[in-house]
1. Note down the magnitude of the dipole of the chain about its Cα centre, charges +1 on Lys and Arg C-beta and -1 on Asp and Glu C-beta and zero elsewhere, to the nearest 20 debye.
2. Where does each of 54-60, 4-10, 18-24 land if you order them by average Cβ count within 10 Å, highest first?
3. In the chain, what is the count of Lys pairs whose alpha carbons are under 21 Å apart, counting only pairs at least 8 residues apart or on separate chains?
4. Just one of (1) 1.83; (2) 1.05; (3) 1.62 is Cα Rg over 2.2 N^0.38 Å as worked out from the coordinates here. Which one is it?
5. Looking at the chain as a GNM with Cα springs under 10 Å, which of Glu11, Glu52, Glu61 has the largest mean-square fluctuation?
6. Output the relative contact order of the chain, whole-number percent, from Cα pairs under 8 angstrom with separation of 6+ residues.
7. So what is the calculated 222 nm ellipticity per residue for the chain, using -39500 (n - 2.57) for each DSSP H run with n of 4 or more, over all residues, to the nearest 500 deg cm²/dmol?
8. Just name one of Leu23, Ala10, Met38: the one whose Cα is farthest towards the positive end of the charge dipole of the chain (beta-carbon charges, Lys/Arg +1, Asp/Glu -1).
Amino acid sequence: MIKVKDMNKAEWMIWKAAQDVVLTKRHKNEFTTAEYAMGQFDAFCEMALSIEQTTEERIAEIKKMAVRKWS
């Protein structure tokens, strides 16, 4: 499992975006929509992959961590 303190800045942004997605879907957040949260998450993933700051495997692990923590 990836530890938050071991994440680089791009992975940390993905982690926070994943948190927003999970919490938005769970609590129907009045400040954002699920579509917006998913768009942010996808954009951060694409950015991190394009500058080679993470891998698909680490993104999948971050998603799992977010679901476990905030679901």
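Just so you know, all these numbers are worked out from the coordinates, no wet-lab data involved. Bear in mind the structure is a predicted one, so any value in this text is a computation, not a measurement. We place every Cβ from the backbone using ideal geometry, glycine too, and count neighbours over all the protein chains shown.
1. Around 460 debye, computed over the chain.
2. 18-24, 54-60, 4-10
3. Lysine pairs meeting both conditions in the chain amount to 22.
4. (2)
5. Glu52
6. 47 percent
7. Computed mean residue ellipticity for the chain: -24000 deg cm²/dmol.
8. Of the candidates, Leu23 comes out farthest on the positive side.
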